[in-house]
Amino acid sequence: MARLLIVEDDETIGNMLASRLRMHDHEVVWQRTGRGAVREATVTDFDLVLLDLGLPDLDGIEVCGQIRRVQPECVLVMLTARQEEMDVVMGLDAGADDYLTKPFGLAEVLARIRAHLRRGAPSGPARQEHRIGDLVVDAGARRCFIVDREVALRAKEFDLLRRLAVDAGRAVSREDLMADVWDENWFGSTKTLDVHIAAVRAKLTEAAGGESATMPRIVTLRGHGYRLDGPRR
């Protein structure tokens with residue numbers, strides 16, 4: 001069904017994940033070190049990576065960033081025993097799409113993997129191109145531009161921006177964003193949404209080159225969600 005990379009040094013956890021995922025007809029590669037994972041990611045395309053942050057040779061967040069650079073389209077899920085909020089935020093900033101905190105149930109891992117693998121473009125009108133001010137979101141090509149400058153977005157960042165662009169000028173709740181961009185049965189933390197919003201804002205600002213008058217804005221609606229507004233006139 002899909003090609004998966006497991007990066008886990010714990011033999012018990014690694015064996016459990018690899019065997020169960022193979023039972024579900026996935027093609028699985030298991031690496032026990034960060035260096036091995038990065039090396040594997042440079043030669044093989046993966047649909048999803050399960051990455052333990054507590055690796056014996058390299059810091060997992062560093063490995064996350066390296067894999068993201070060579071596999072910009074794959075889904076990257078962190079597995080971590082770390083409880084500190086900053087570790088999670090750093091991992092999401094480094095390129096992860098999601099995280100699971102150990103100890104986790106196997107059913108939860110399998111459900112999360114199914115959710116990520118079945119996500120295509122977010123639901124919404126079939127229109128392929130959305131223009132908000134000088135921002136163009138081309139859903140068909142999965143590219144976006146501000147004027148003639150392309151905005152380099154990761155897969156989930158693009159899906160999030162497109163979902164906001166579908167309802168530009170209208171409030172979109174956190175629940176709707178999580179359901180449409182991640183999964184309707186999502187049961188994890190929504191912290192990943194805020195980190196992805198921050199990344200999209202930063203990339204839009206960079207692409208606009210300081211021309212704030214022409215740049216659309218993602219407005220935070222406290223207690224509700226977000227809204228994509230056109231440029232101020």
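Scanning region 15-29 for any residue that is more than 26 Å from residue 1 (Cβ to Cβ) and not in a loop (DSSP other than H, G, I, E, B) turns up nothing.
Rundown of residues vs (1) under 16 Å from the mean Cα position of the chain (by Cα); (2) of a type in the set (Ser, Thr, Tyr); (3) at pLDDT below 90, yes/no style:
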residue: 56; (1), (2), (3): no, no, no
residue: 61; (1), (2), (3): yes, no, no
residue: 66; (1), (2), (3): yes, no, no
residue: 72; (1), (2), (3): yes, no, yes
residue: 85; (1), (2), (3): no, no, yes
residue: 94; (1), (2), (3): yes, no, yes
residue: 115; (1), (2), (3): yes, no, yes
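When we screen 95, 34, 60, 54 for residues that are under 30 Å from residue 143 (Cβ atoms), in contact (Cβ under 8 Å) with a residue 12 or more places away in the chain and of a type outside the set (S, T, N, Q), the only hit is 95.
Check region 143-165 and report whether any residue there is surrounded by 19 or more Cβ atoms within 10 Å (Cβ to Cβ), of a type outside the set (Ser, Thr, Tyr) and modelled with pLDDT under 85.
First pass over region 143-165, keeping only residues surrounded by 19 or more Cβ atoms within 10 Å (Cβ to Cβ): 144, 146, 151, 153-154, 156-165.
With the extra rule that they be of a type outside the set (Ser, Thr, Tyr), the set shrinks to 144, 146, 151, 153-154, 156-165.
If we keep only those that are modelled with pLDDT under 85 as well, we get none.
No, region 143-165 contains no residue that is surrounded by 19 or more Cβ atoms within 10 Å (Cβ to Cβ), of a type outside the set (Ser, Thr, Tyr) and modelled with pLDDT under 85.
Of everything listed in (1) under 15 Å from the mean Cα position of the chain (by Cα); (2) surrounded by 15 or more Cβ atoms within 10 Å (Cβ to Cβ), the single unmet condition for residue 176 is (1).
Looking only at residues of region 143-160 that are touching a strand residue (DSSP E or B) at 6+ places or on another chain (Cβ under 6 Å) and aliphatic (A, V, I, L, M), we find that the one that is nearest to residue 113 (Cα to Cα) is 151. Suppose the filter is surrounded by fewer than 21 Cβ atoms within 10 Å (Cβ to Cβ), in a helix (DSSP H, G or I) and touching a Lys or Arg at 6+ places or on another chain (Cβ under 8 Å); does residue 68 pass it? Yes: the conditions hold for residue 68. Taking the criterion of being over 21 Å from residue 75 (Cα atoms) and part of a helix (DSSP H, G or I), the only residue of region 137-165 that qualifies is 165.
The values are calculated or read from the model by the stated rules, or taken from the named source; none is laboratory data. As the structure is a prediction and not an experimental result, all values here were calculated from the model. A quick note on method: Cβ atoms are made from the backbone with ideal geometry, for glycine too, and the neighbour counts reach across all protein chains shown.
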